[in-house]
Amino acid sequence: AQSVTQLDSQVPVFEEAPVELRCNYSSSVSVYLFWYVQYPNQGLQLLLKYLSGSTLVKGINGFEAEFNKSQTSFHLRKPSVHISDTAEYFCAVRISGGYQKVTFGTGTKLQVIP
Amino acid sequence: DTAVSQTPKYLVTQMGNDKSIKCEQNLGHDTMYWYKQDSKKFLKIMFSYNNKELIINETVPNRFSPKSPDKAHLNLHINSLELGDSAVYFCASSPDESGLYGYTFGSGTRLTVV
């Protein structure tokens with residue numbers, strides 16, 4: 001079975017500073033990886049996904065993530081954050097092959113400080 | 001037009017009552033889901049339907065019964081509500097059962113059992 005770990009429950013960062021939100025997964029087979037964002041009182045929204053190909057994936061709102069198979073990581077980055085990026089960010093994993101469920105991490109709260 | 005809409009948004013009820021949450025998607029997606037998000041923001045899948053057919057049924061008490069009258073609707077009925085059922089329930093949909101295109105989430109139903 002797959003699992004995903006987001007080590008940081010909260011990440012405070014000043015506006016216009018860069019940010020990295022960490023995600024590590026565990027799986028004995030190939031995986032697909034996702035990042036979702038949840039703004040207050042809203043549902044989750046897909047930011048980006050890695051299915052195959054280039055390990056650097058670009059998403060919406062200026063975010064990008066890099067798939068690192070050797071370190072089993074899929075960290076999310078943004079070079080310069082805005083106040084509007086304050087939200088909860090969820091990493092998710094699905095193992096490849098056939099039909100499999102998507103498993104979500106416990107989320108990282110990004111707090112952008114003016 | 002809201003892509004995935006849930007009603008009600010808030011639900012406060014007493015222990016032992018029976019309640020329903022409704023979900024509708026206008027995206028033409030084939031697959032719909034119910035997720036439960038607890039107070040620590042952990043998201044856990046409960047059920048998944050593909051074209052009205054149940055394809056995922058996680059370890060959920062049988063007090064929870066999903067119903068999909070057509071592929072655009074997935075309702076959740078809960079019998080004999082317990083304090084531990086208090087959570088935010090999210091409905092989601094995806095184009096197909098693979099989940100690889102990402103999910104579209106509703107804005108959630110906050111259930112409080114008193």
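Read the figures in this text as sums done on the coordinates, not as results from a lab. In this text, all values refer to a predicted model and were calculated from it rather than measured experimentally. So basically every Cβ, Gly included, is an ideal-geometry build from the backbone, and we count neighbours across all protein chains shown.
Some notes on this structure:
- Flag for A:N41 being in contact (Cβ under 8 Å) with a residue 24 or more places away in the chain, under 25 Å from B:A92 (Cα atoms) and surrounded by fewer than 20 Cβ atoms within 10 Å (Cβ to Cβ): no
- Flag for A:T103 being within 14 Å of another protein chain (Cβ to nearest Cβ), in contact (Cβ under 8 Å) with a residue 12 or more places away in the chain and either among the β-branched types (V, I, T) or touching a helix residue (DSSP H, G or I) at 6+ places or on another chain (Cβ under 7 Å) (or both): yes
To keep it simple, each residue is scored yes or no on (1) facing another protein chain (nearest Cβ under 9 Å); (2) in contact with a Lys or Arg (Cβ under 7 Å, 6 or more places away or on another chain); (3) farther than 19 Å from A:Y36 by Cα.
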residue: B:T7; (1), (2), (3): no, yes, yes
residue: B:Q14; (1), (2), (3): no, no, yes
residue: B:K36; (1), (2), (3): no, yes, no
residue: B:L74; (1), (2), (3): no, no, yes
residue: B:Y89; (1), (2), (3): no, yes, no
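- Top-ranked residue of the range A:24-39 - restricted to ones that are within 14 Å of another protein chain (Cβ to nearest Cβ) and not in a strand (DSSP E or B), ranked as farthest from A:Q71 (Cα to Cα): A:Y39
- All positions within the range A:51-91 that are crowded, with 19+ Cβ neighbours inside 10 Å and over 15 Å from A:K109 (Cα atoms): A:V57, A:F63, A:A65, A:F67, A:F74
- Given (1) assigned to a loop (DSSP other than H, G, I, E, B); (2) within 14 Å of another protein chain (Cβ to nearest Cβ); (3) touching a strand residue (DSSP E or B) at 6+ places or on another chain (Cβ under 6 Å), number of the condition A:L110 does not satisfy: (1)
- Top-ranked residue in the range B:38-58 [being polar (S, T, N, Q) and not in a strand (DSSP E or B); ranked as farthest from the other protein chains (Cβ to nearest Cβ)]: B:N51
- Matching entry among B:L54, B:L43, B:L100, B:L76 (being loosely packed, with under 15 Cβ neighbours inside 10 Å and free of Cβ contacts under 8 Å to residues at least 60 places away in the same chain): B:L54
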